[in-house]
Amino acid sequence: MPYTIHAKPLQQLTRDIFAAAGAPADIAAVVAESLVTTNLFGHDSHGVLRVKQYVNMIRDDLIKPAERPRIRKRSGATAMVTNGYGFGQTGARFAAKLAIELGRKHGIAAVSLGQTTHIGRLGEYTQLIAAAGLIGIGFTSGSMFSGWVAPYGGREKVFSTNPMSFAVPCGGEGTLLLDFATAGMAHGKVLLARAKGESVPQGMMLDKNGRPSTDASIVDDGAVLLAMGAYKGSGLSMMMEIIPTLLAGKRPIVSPDFHYGNPTLLMALSLDAFDDETDFVQQVEALKRHVKSVKPAEGFDEVLLPGEPESRSYAQRVRAGIPLPDSVWADLQALAEELSVALPTLDAAT
Ligand code: NAD
């Protein structure tokens, strides 16, 4: 039976845990807001499930909780930001704001973020760009430990789950947001399935002998994830490995000592820089209506737009609260006790 808790007390608890673990108050608040908003959007794999992992990384000196992003190089419409292995969420927000500023000035901008730990939900940052009226594109590579994904036809891990994201400004219900891992299934979703004692769908994973498996419990026992869409996804994954990693700073891309973090490239395109007579938002709205009007195929009730599952989850969870698997709630309680953080009052949590 999951423990259901509202966003506000969960955010407060998460913030207090990070602050007690060494993050300055403003950074703890940003990371907590980012993780809990990710839960609200329904991506529990990248929400407060990560609190224990991040605290352990602080203890192991892999996340430097007080580090802040800074611009390392700036040239016209491009910039490199270095995050000093601080929290990825603060670095990626900084990079997105810089991409907006440069995109408005130059019509197009690309900002890389290096020396960063896990940024969480890539779509948070492309959505920030779209909310500012520009097209947001994001590529992310790497993991703190090693890859998870085998190249097409292979049975050994090479790539990380390397997400990509696109967000365009639109009217009506806000951003049209596409945001996904180039792995068939994000590693965090396999961890979540393991936490819930569930299996994963067919076609997502091979066991240590290279045989297809649906057993989430073997994820850290020699299993490999498969890319989405066979060789096309495998190729995308390779591009997501190359572009953000190498534009974020000098490093060997093939190394036994793989320790790259989550390099990210955020791009912003200004609508006005192109044909300023194109009524971009109205045209996007027309396409949204057209796509929504398509008759559903067998087994479907309706056609959903990119970002629609997330906005529905958000509306439902803001109202009804966020269901946490027992193991995730137990981890948060244990961390609160270890770090002498007060649990939210029972009447704030439901
Ligand atoms: P996913 O497989 O759930 O796909 C999500 C995307 O598909 C969203 O844009 C969603 O709106 C769209 N979508 C889902 N169902 C749809 C439907 N029925 N019709 C139309 N569109 C639909 O996402 P994922 O691959 O599990 O990734 C989840 C999150 O994890 C993302 O936010 C991603 O950025 C993040 N992630 C981060 C890292 C990292 O290294 N930081 C790695 C992997 C994933």
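The values are calculated or read from the model by the stated rules, or taken from the named source; none is laboratory data. As the structure is a prediction and not an experimental result, all values here were calculated from the model. Note that we place each Cβ from the backbone using ideal geometry, even for glycine, and neighbour counts take in every protein chain shown. The accessibility values were calculated without ligands, DNA or RNA, using every heavy atom of the protein model including side chains. Shrake-Rupley method; radii C 1.70, N 1.55, O 1.52, S 1.80 Å.
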> Which of the lysines could a cross-linker bridge to Lys196, judged by Cα under 17 Å and excluding same-chain residues fewer than eight apart?
Replying inline: Lys52
> Out of segment 59-96, which chymotrypsin sites (Phe, Trp or Tyr not before Pro) are coil in DSSP terms and have no more than 12 other C-beta atoms within 10 Å?
Replying inline: none
> With all protein chains present, how much of the accessible area of the chain (probe radius 1.4 Å) comes from carbon and sulfur, to the nearest whole percent?
Replying inline: 56
> Considering only protein heavy atoms, what is the solvent-accessible area of Ile253 at a probe of 1.4 Å, reported in Å² to the nearest 10?
Replying inline: 60
> Which one of Ala227, Asn262, Thr245 is farthest out on the positive end of the charge dipole of segment 206-350, using unit charges on Cβ (Lys, Arg +1; Asp, Glu -1) and the Cα centre as origin?
Replying inline: Ala227
>> Among Val48, Ala273, Val168, whose Cα projects farthest towards the positive end of the dipole of the chain, with charges put on the beta-carbon of Lys, Arg (+1) and Asp, Glu (-1)?
In response: Ala273
>> Just the number please: accessible area per residue for the chain, 1.4 Å probe, all protein chains included, in Å².
In response: 47
>> Rounded to the nearest angstrom and ordered from largest down, what semi-axes does the equivalent ellipsoid of segment 185-226 get from its C-alpha gyration tensor (root of 5λ)?
In response: 15, 10, 9
> Among the aspartates and glutamates, which fall within straight-line cross-link reach of Lys208, defined as a Cα-Cα distance under 17 Å, with same-chain neighbours fewer than 8 residues apart omitted?
Replying inline: Glu156, Asp220, Asp221
> If you build the Cα gyration tensor of segment 90-166 and take the root of 5 times each eigenvalue, what three semi-axes come out, in whole angstrom, biggest first?
Replying inline: 28, 13, 10
> For the chain, what is the convex hull (Cα atoms) projected area averaged across all directions, in square nanometres?
Replying inline: 18.4
> Mean shadow of segment 294-350, computed from the convex hull of its alpha carbons, in nm²?
Replying inline: 6.3
>> I'd like the antiparallel share, as a percent to the nearest 5, of DSSP beta bridges with both residues in the chain.
In response: 80
> Of the residues Asp301, Asp44, Asp26, which exhibits the maximal mean-square fluctuation in a Gaussian network model of the chain defined by a 10 Å Cα contact cut-off?
Replying inline: Asp301
>> Let me spell out the model: positive unit charges on the Cβ of Lys and Arg, negative unit charges on the Cβ of Asp and Glu, origin at the Cα centre of the chain. What dipole size does that give, in debye rounded to 20?
In response: 720
> Where Lys and Arg each count +1 and Asp and Glu each count -1, what net charge lies around Ala109 among other residues with Cβ under 12 Å from its Cβ?
Replying inline: +3
> Could you work out the helix-only [θ] at 222 nm for the chain, with each DSSP H run of four or more residues adding -39,500 (n - 2.57) and the total divided by the number of residues, to the nearest 500 deg cm²/dmol?
Replying inline: -12500 deg cm²/dmol
>> Taking loop as defined by DSSP and a crowding limit of 16 other beta carbons within 10 Å, which GluC sites (Glu not before Pro) in segment 200-297 fit?
In response: Glu277
> Can you pick out the pairs among Lys189/Lys250; Lys73/Lys97; Lys8/Lys97 whose Cα atoms lie more than 22 Å from each other?
Replying inline: Lys189/Lys250; Lys8/Lys97
